[in-house]
Amino acid sequence: MLNGLLNLLFPQACPVCRKPSSEHSIAPICAECWRTIRPYRSPACRRCGAPLVSDAAATCGDCLRDEPSFERAVNFGLYEGALRDAINLLKYRGIRRLSGPLSGMMLRMEFPDVDAVVPVPLHEKRLRQREFNQSALLAASIARHIGATLETGCLVKIRDTPPQVGLRSRERIKNIKGAFDIRRADRIRGGRILLIDDVVTTGATVRECSRVLKKAGARAIHVAALAHGVRD
Ligand SMILES: [Zn+2]
Ligand SMILES: [Zn+2]
């Protein structure tokens, strides 16, 4: 409540356009910049959702060389502009109310029927630093809307991996290998899982999570992320 009052008295500047934001649910991003967030509609790999330069190939090279354990991965938008700012504000500035409108965007995508929604976990050390897992906030809202069970304690991160930023694709795969484990496998055995991540870059993390879930007996895994990193 204090937060809301402060926002009212001292409107924050929108990080995108620097104008004051008056809409509390999406603040500090202003309504005008929020409206610029669009779903990605250009060619993408039909398996992993990676943006492709042309639609000549339906499946990307990574998926052809090394088939993922998930059935399909989809992303709402690209990690750029106001969407990138919104994700970073949620993640690094702790503006949790953004998880509502952001999960609303994800819900505009079509999801198959699933039994459980599982967020990509954070290592407990990171969780203590950040106080919450942004993917778990998104997953909770999605689970509620699609009427599936939210499973937060099943997939755990057991190794605190160095940040993936700046690593090449092969290094990312090596970096993340063996970083996840399963607790209470009975909760997911035989089930259809929707795995939720905030940002997917090379897909190394969701690939590894899916591999571990599948090995523990999950029947099928679908992946949904808010944004896909823009390849350079
Ligand atoms: Zn703005
Ligand atoms: Zn692919």
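The values are calculated or read from the model by the stated rules, or taken from the named source; none is laboratory data. Since the structure is predicted, the reported quantities are computational estimates derived from the model, not experimental observations. Positions of Cβ are backbone-derived with ideal geometry, glycine not excepted, and every protein chain shown enters the neighbour counts.
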- Note on the structure: For the stretch 137-164 the number of residues that are free of Cβ contacts under 8 Å to residues at least 24 places away in the same chain and either under 20 Å from Glu208 (Cα atoms) or of a type in the set (Asp, Glu) (or both) is 2
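Table: residues versus (1) of a type in the set (Phe, Trp, Tyr); (2) farther than 24 Å from Ala204 by Cα.
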residue	(1), (2)
Leu90	no, no
Gly94	no, yes
Ser103	no, no
Arg108	no, yes
Phe111	yes, no
Val114	no, no
Pro119	no, no
Leu122	no, no
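Within the stretch 25-42, does at least one residue satisfy the condition of being within 13 Å of ligand 2 (Cβ to nearest atom) and in the same structural domain as Gly203 (by TED's automatic domain parsing)?
Our first condition is that a residue be within 13 Å of ligand 2 (Cβ to nearest atom); within the stretch 25-42, this holds for none.
No, the conditions are met nowhere in the stretch 25-42.
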- (1) over 21 Å from Gly191 (Cβ atoms); (2) free of Cβ contacts under 8 Å to residues at least 40 places away in the same chain all hold for Phe76 apart from (2)
- Message: So Leu90 passes all but one of these: (1) part of a loop (DSSP other than H, G, I, E, B); (2) more than 16 Å from ligand 2 (Cβ to nearest atom); (3) of a type outside the set (Gly, Ala, Ser). Which condition number does it fail?
- Response: (1)
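When you scan the stretch 122-130, do you find a residue that is assigned to a strand (DSSP E or B) and touching a Gly at 6+ places or on another chain (Cβ under 7 Å), even just one?
No, every residue in the stretch 122-130 fails to be assigned to a strand (DSSP E or B) and touching a Gly at 6+ places or on another chain (Cβ under 7 Å).
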- Query: Counting only residues that are more than 8 Å from ligand 2 (Cβ to nearest atom) and under 22 Å from Glu110 (Cα atoms), which one in the stretch 47-72 is surrounded by the fewest Cβ atoms within 10 Å (Cβ to Cβ)?
  - Reply: Asp55
- Query: What is the number of the single condition among (1) under 24 Å from Lys91 (Cα atoms); (2) at pLDDT 95 or above that Arg211 does not meet?
  - Reply: (1)
- Residues located in the stretch 18-39, provided they are assigned to a loop (DSSP other than H, G, I, E, B) and either buried (at least 19 other Cβ atoms within 10 Å of the Cβ) or in contact with an Asp or Glu (Cβ under 7 Å, 6 or more places away or on another chain) (or both): Ser21, Ile26, Ala27, Pro28, Ile29, Cys30, Ile37
- Using the structure shown, decide if Pro112 is exposed (fewer than 14 other Cβ atoms within 10 Å of the Cβ), touching a helix residue (DSSP H, G or I) at 6+ places or on another chain (Cβ under 9 Å) and in a loop (DSSP other than H, G, I, E, B). no
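Quick grid of which residues meet (1) farther than 24 Å from Cys60 by Cβ; (2) surrounded by fewer than 17 Cβ atoms within 10 Å (Cβ to Cβ):
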site	(1), (2)
Gly153	yes, yes
Leu167	no, no
Ile173	no, no
Asp181	yes, yes
Ala185	yes, yes
Gly191	yes, no
Asp197	no, no
Ala204	no, no
Gly217	yes, yes
- Note on the structure: Of the residues in the stretch 15-46, those that are farther than 21 Å from Glu110 by Cα and either among the aromatic types (Phe, Trp, Tyr) or away from ligand 1 (no atom under 15 Å from the Cβ) (or both) come to Trp34
